[in-house]
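The values are calculated or read from the model by the stated rules, or taken from the named source; none is laboratory data. On a predicted model such as this, the values are computed, not experimentally measured, just so you know. Note that we place each Cβ from the backbone using ideal geometry, even for glycine, and neighbour counts take in every protein chain shown.
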Amino acid sequence: MGSTLNKLIQALPWNQSIELPEQHQWKHANQHAFLEWKIKARPYNTTVANGMFICLFLFTTIFFGWMGEIFNPNSSKSIAIGIPFYILTMTAIYGTTHQKTKFAYRLTETSIEVCEWKAPSKGWMIALKWLTVIAAIAVLFVIALDPSAFWIALAGPGGMGLLYLGLANSKQFQELHTSYHTYEYQWSEFKNITLDRSKKIICLETPWLSPHSNEYVDWPFYIFSDKRNFDKHVSLIREQLKELPLKEESVSVLQF
């Protein structure tokens, strides 16, 4: 029983291992890598994104509760239609404000290579599919209690089913949520190190020639880590950049 449960847990989308895109090849694959790791991270200002989610959550809950009457126990029709759409709306909002990008880092004696990519979330599509199924089952009970509510109750799961089919087969949706980038930095390019221990971010700054001012500015290169490996990653990176000044402070990730 335990092994079966573990297999089911590992099969969940958020527990699956991160695999590099098929077309990706490391530029210096012939060089020995002393450190490699893959991670999912939120490469943007998470404080702002979390604040947006809370505001939208409150607004959506009040709107559906007041206008949709989803908290009214005497309105089975409103509950059958409103709750599936409420859950779907909140899932969409969460997926927007908490979306993650995949990163793969490869560190050699001469440089850092990073592969950054994003693909349409299968977890979102799976959740939408099962939510449609659950909503359809709930509708059967509503219709059994009140047959006159058939067409009204059917609108909830019916609309969700159409949305699932539309997104699953939409080429534009797939392209909008797909990206792939690779970067390489020589160790000699970096001039500053900033650590954000709370967010597990290592920020290395490089000089970058701004096309607007025609002057060099400090350009951040963010390395995302995790709680378990942060100190190890910092230690190995620090060995390559012993001469650089290091400071610890909060890092606000800029989205380019």
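In segment 184-199, how many residues are in a strand (DSSP E or B) and among the charged types (D, E, K, R)?
Taking segment 184-199 as the starting set, the residues that turn out to be in a strand (DSSP E or B) are 184-186, 192-196.
This time we only want the ones that are among the charged types (D, E, K, R), so: 184, 196.
Residues flagged as in a strand (DSSP E or B) and among the charged types (D, E, K, R) within segment 184-199 amount to 2.
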* Structure fact -> Selection from segment 211-255 of residues within 20 Å of the chain's Cα centre (by Cα), over 20 Å from LEU35 (Cβ atoms) and not hydrophobic (A, V, I, L, M, F, W, C) yields SER252, GLN255
* Asked: Can you name the condition, by its number, that THR182 falls short on among (1) surrounded by 12 or more Cβ atoms within 10 Å (Cβ to Cβ); (2) at pLDDT below 95; (3) more than 21 Å from GLU109 (Cβ to Cβ)?
  -> (3)
